[in-house]
1. Mind checking the mean number of beta-carbon atoms from other chains within 10 Å of the Cβ atoms in B:24-32?
2. To the nearest whole number, what is the average tally of beta carbon atoms from other chains within 10 Å of the beta carbons of peptide A:108-121?
3. At a Förster radius of 30 Å, what calculated FRET efficiency corresponds to the Cβ-Cβ distance of A:GLU77 and B:LEU20, to the nearest 0.05?
4. Amide H to amide H, which residues 5 or more places from B:TYR74 or on other chains are under 5 Å from it, using H placed in the peptide plane?
5. Long-range amide H contacts for B:SER146: which residues qualify at under 5 Å (H placed 1.01 Å from N, peptide plane, sequence gap of 5 or more or a different chain)?
6. For chain A, what does -39500 (n - 2.57) per DSSP helix run (n ≥ 4), summed and divided by total residues, give at 222 nm, in deg cm²/dmol to the nearest 500?
7. Output the 0 to 90 degree angle, nearest 10, between the alpha-carbon long axis of helix B:2-29 and the longest principal axis computed from the alpha carbons of chain B.
8. For B:PHE67, what residues show an amide H to amide H distance below 5 Å, using hydrogens built from the backbone and excluding near sequence neighbours?
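Where a number appears in this text, it was derived from the coordinates with a stated rule and is not lab data. Keep in mind it's a predicted model, so treat the numbers as computed, not measured. Every residue, glycine as well, gets a Cβ built from its backbone with ideal geometry; the counts of neighbours run over all protein chains shown.
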Amino acid sequence: MLALAVAAVIGLGTTWMALTRGTAYGGVTIGAWTAWPKNGTAGIDPYARAMVARTGELPVGSGDGVAFYARTDNSGEGLDGRCDVLVSGITPQARFWTLTLYDPEGHLVANSVQRQGFTSQEIVRKSDGSFDVIVGPRVRPGNWLPTGGIEKYQLVLRLYDTPIGMATRGGTEAPMPSINRVSCQ
Amino acid sequence: MIRMALWLLGALLLGGIVHLATVLLLPRLASQDAYARVSAIAPLNSVVPIPPPTPDSAVMPFMDPAFAMSVCRYDLSRGSLKFSVPISQAYTSVSFYTRSDVAYYAINDRAAGRRVIELDLMTPAQRADLPENEDVTRADRLIVTSPTTTGLIVIRALTPEAGWIPAARNALAAARCRPQ
């Protein structure tokens, strides 16, 4: 009887851990960003399927685009909405991209200017085509993405109509913007 | 001692089985998955706009706020479906999901190569029953086979700037999905 109880705790506990920690297989990691291109295909693995069923989201189809998630900056520090964070660089080749800020559960974050992200078309670039986005709680000149001061958030960079996909390995061939903490309150 | 070790081993094995079973069963048992959320607002076999996500309410988590989105919740049990959507100015995509939210097919405006994305959606059995005449083999007729009888077609039109929202919504409002 005790053995059954222990077994149930182990089984359910490991399932819960696997589904909430985001330990899906087949991730492509570039810098602070990770994408799971297989989740947008019929070849999605059982863990990712269970995760998608739990959160209630719809993964981006692979014929549509690919989504890169960042929960930390380049040094591995968790993204904190009370700090100023600089997202800087260029993106891999894509017809369009969007950068969006969510809370850990995937909800948009309320703020005074109703800005939840940028699209490749509305972002202000430097003369070399790269861009700087300041993610932080207080108004900044330039591309300011407000955090609403929440403690934890994540950034999602979605590339639409892009050759980046399952053939891509992690590494240097696909340039992703760097994420670095500038200052903290 | 040995009895204790065996007991532990048994508990671990059982735990492993419970783990695998819950992971595999969860997609079937989840009551708040995307299909269930969409079912609350979308009748069968018609295109319905999904309200844009806001911080206070969103039909699903992780929706991209830069897109206007419509959905067709389909049921192929009475026959195949004809789907069409005119492409909007910026970027339009059509993604297909099974009853358990697996993205099995997606196409965008450039891949479609025309002003309208047009296709037939059917089950593998319905496809096998198609008469083999010229009409079917016509190269420009796109046929998508759905692994499940029910599922979702998600139509998304990009609004790269706020001013594009009405045009994107208009394009999506002209989308059709109806039984043949």
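1. Per residue, the average neighbour count from other chains is 5.
2. The shielding value for this peptide is 4.
3. 0.30
4. Hits under the 5 Å cutoff: B:ASN45, B:GLY151, B:LEU152, B:ILE153.
5. For B:SER146, whose amide H was placed from the backbone, the distant partners under 5 Å are B:MET122, B:THR123.
6. -5500 deg cm²/dmol
7. For helix B:2-29, the angle is close to 20 degrees.
8. For B:PHE67, the qualifying residues are B:THR159.
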